[in-house]
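Note sheet for the following structure.
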DNA sequence: ACTGTAGGCCAACAAGTGTTGACACGCCAG
DNA sequence: CTGGCGTGTCAACACTTGTTGGCCTACAGT
């Protein structure tokens, strides 16, 4: 309880910059990489601290415990683009392209997937992220907002499935297929899930 | 090295039945459940042994080490049906239906997914299984055998993505959607991946 | 009946885990 | 200058992990 005032939410944007901000950022970056590469259990606090070049006890002081660190490290923005501007017939292709980009931009999404599969807190985090960020976008382009959640789930299943096969499991054909070919195959699927009438 | 003669491959079908076969089976069953529920790291040998009602050291004697146990516990048969008999236009629906059945029959596939995502040996195992069991079936129904691997990867991505969303991550809409509705949505996707001309 | 051996349990090992508390340095306000 | 506080290290804790070796029991072959 001693360091409570220090350890509590650093998310306050109006907070004065602290001298330790660089360390905090280094910890977070190292944590993201380790969680992405190893999953929750095998990503040890000691390894993360070593990567960040500091003592493991600092991680505890700044983030409370391992779960707190994970929570802080897994604040994810899918950065889904506005779909209002793109022609309704192309939203599938735009979405697939975006997710391929997003997945290759950094290893945050791979980490989310690795942790979400073996850790209930990670799974809950994924549900929140997709509900909050993909849900509204789907609701904006599908015919009847009432079945937007179902359509979003279908879209998520295909997007996540491809990411799983290509970036995590590394199925040879999925991992080596060209980006354009992949888009050509997946875009119609996503398009149909988004806009086709209920089968 | 002492028990080498006992610990070596029990897969030999012409082997005399041993008194310990019941114990071996109990260990394997407990291991499958634990791996499925907890993933590789959190499924401890001690917990598996407790479930099987024996001492942890027995696991070591019969399966060498944890990885050997996993190898033995993850011999998986997808039980994909012969598609030669079904009309070419229905293979998508048949395949989706089968995989939903197979996934709900036991928790072996969920375990495979949980372990494959965080463990390289598990990933390799998944690649083998899908290549050996899904590959030939796809090659049998798709127009040009040359691009069968790509089509199989696409099929796998959608199948695994749905299993991930529905059975592992438990996305609310994906987990609660009715089986028939799910088939109606997914079957055309699989059908297209299998038989449509290259886009 | 006797003996070897397979089946099983117990206790322990070394290593690694998350986590904690005490202590040292250096900055900044008073 | 001096005190307090933020930043950081060190050493240790209690615990769990995979794994090992010794010992006991009971069955099977002779």
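The values are calculated or read from the model by the stated rules, or taken from the named source; none is laboratory data. Only a predicted model underlies this, so the values are computations on that prediction, with no experimental measurement involved. With ideal geometry, Cβ positions are generated from the backbone for all residues, glycine too; neighbour counts draw on all protein chains shown.
For (1) more than 16 Å from DNA strand C (Cβ to nearest atom); (2) away from chain B (no Cβ under 14 Å), each residue gets a yes or a no:
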position	(1), (2)
A:33	no, yes
A:66	no, no
A:73	no, yes
A:81	yes, yes
A:100	yes, no
A:113	yes, no
A:117	yes, no
A:121	no, no
A:128	yes, no
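Report yes if residue B:27 is in a helix (DSSP H, G or I) and more than 17 Å from the chain's Cα centre (by Cα), otherwise no. Don't jump to the end; show me each part of the working.
On the way: in a helix (DSSP H, G or I): yes; more than 17 Å from the chain's Cα centre (by Cα): yes.
In short, yes.
Select the helices (runs of 4 or more DSSP H) contained entirely in region A:128-199, then report the ones holding at least 1 residues which are under 17 Å from residue B:174 (Cα atoms). Spell out how you get there, then give the answer.
Values: elements: A:135-141, A:148-163, A:172-176, A:179-195.
Output list reads A:135-141, A:148-163, A:179-195.
Would you check if residue A:163 is buried (at least 21 other Cβ atoms within 10 Å of the Cβ) and more than 7 Å from every other protein chain (Cβ to nearest Cβ)?
It is true that residue A:163 is buried (at least 21 other Cβ atoms within 10 Å of the Cβ) and more than 7 Å from every other protein chain (Cβ to nearest Cβ).
Return yes or no: is residue A:132 closer than 22 Å to residue B:166 by Cβ, without any contact (Cβ under 8 Å) to a residue 40 or more places away in the chain and either more than 10 Å from chain B (Cβ to nearest Cβ) or in contact with a strand residue (DSSP E or B) (Cβ under 8 Å, 6 or more places away or on another chain) (or both)?
Against the criterion (closer than 22 Å to residue B:166 by Cβ, without any contact (Cβ under 8 Å) to a residue 40 or more places away in the chain and either more than 10 Å from chain B (Cβ to nearest Cβ) or in contact with a strand residue (DSSP E or B) (Cβ under 8 Å, 6 or more places away or on another chain) (or both)), residue A:132 qualifies.
Output the number of the condition that residue A:31 fails; it satisfies all remaining conditions of (1) within 16 Å of DNA strand D (Cβ to nearest atom); (2) modelled with pLDDT under 95.
(2)
How many residues are touching a residue at least 40 places away in the same chain (Cβ under 8 Å) and part of a helix (DSSP H, G or I) if we restrict to region B:118-127?
Going through region B:118-127 one residue at a time, the tally reaches 4.
Any idea how many residues of region B:34-52 are within 10 Å of DNA strand D (Cβ to nearest atom) and in a helix (DSSP H, G or I)? Give the derivation first.
Step one: filter region B:34-52 for residues within 10 Å of DNA strand D (Cβ to nearest atom), giving B:34, B:38, B:40-50.
Add one more test, that the residue is in a helix (DSSP H, G or I), and what stays is B:34, B:38, B:40-42, B:45-50.
Selection size over region B:34-52: 11.
Is region B:112-121 home to any residue that is more than 24 Å from residue A:42 (Cα to Cα) and either buried (at least 19 other Cβ atoms within 10 Å of the Cβ) or not assigned by TED's automatic domain parsing to the domain that holds residue B:38 (or both)? Spell out the reasoning first.
Kept after step one, since they are more than 24 Å from residue A:42 (Cα to Cα), are these residues of region B:112-121: none.
No - not one qualifying residue is present in region B:112-121.
Any idea how many residues of region A:73-90 are buried (at least 17 other Cβ atoms within 10 Å of the Cβ) and either modelled with pLDDT of 95 or more or within 14 Å of DNA strand D (Cβ to nearest atom) (or both)?
Residues meeting the conditions: 1.
Scan region B:53-66 residue by residue and report those that are within 13 Å of DNA strand D (Cβ to nearest atom) and more than 15 Å from residue B:111 (Cβ to Cβ).
Across region B:53-66, the qualifying residues are B:54, B:55, B:56, B:57, B:58, B:59, B:60, B:61, B:62, B:63, B:64, B:65.
Answer yes or no as to whether residue A:129 is away from DNA strand D (no atom under 16 Å from the Cβ), crowded, with 16+ Cβ neighbours inside 10 Å and closer than 22 Å to residue A:196 by Cβ.
Numbers: away from DNA strand D (no atom under 16 Å from the Cβ): yes; crowded, with 16+ Cβ neighbours inside 10 Å: yes; closer than 22 Å to residue A:196 by Cβ: no.
No: the conditions fail for residue A:129.
Looking at region A:168-187, can you tell me whether even one residue there is more than 28 Å from residue B:147 (Cα to Cα), in contact with a helix residue (DSSP H, G or I) (Cβ under 6 Å, 6 or more places away or on another chain) and at the interface with chain B (Cβ under 8 Å from one of its Cβ atoms)?
No, region A:168-187 contains no residue that is more than 28 Å from residue B:147 (Cα to Cα), in contact with a helix residue (DSSP H, G or I) (Cβ under 6 Å, 6 or more places away or on another chain) and at the interface with chain B (Cβ under 8 Å from one of its Cβ atoms).
Being in contact with a helix residue (DSSP H, G or I) (Cβ under 8 Å, 6 or more places away or on another chain) and part of a helix (DSSP H, G or I): is that true of residue B:84 here?
Taking the combined requirement at face value, the residue does not satisfy it.
Tell me which residues, restricted to region A:39-55, are within 14 Å of chain B (Cβ to nearest Cβ), within 8 Å of DNA strand C (Cβ to nearest atom) and in contact (Cβ under 8 Å) with a residue 24 or more places away in the chain.
Scanning region A:39-55 gives a single hit, A:41.
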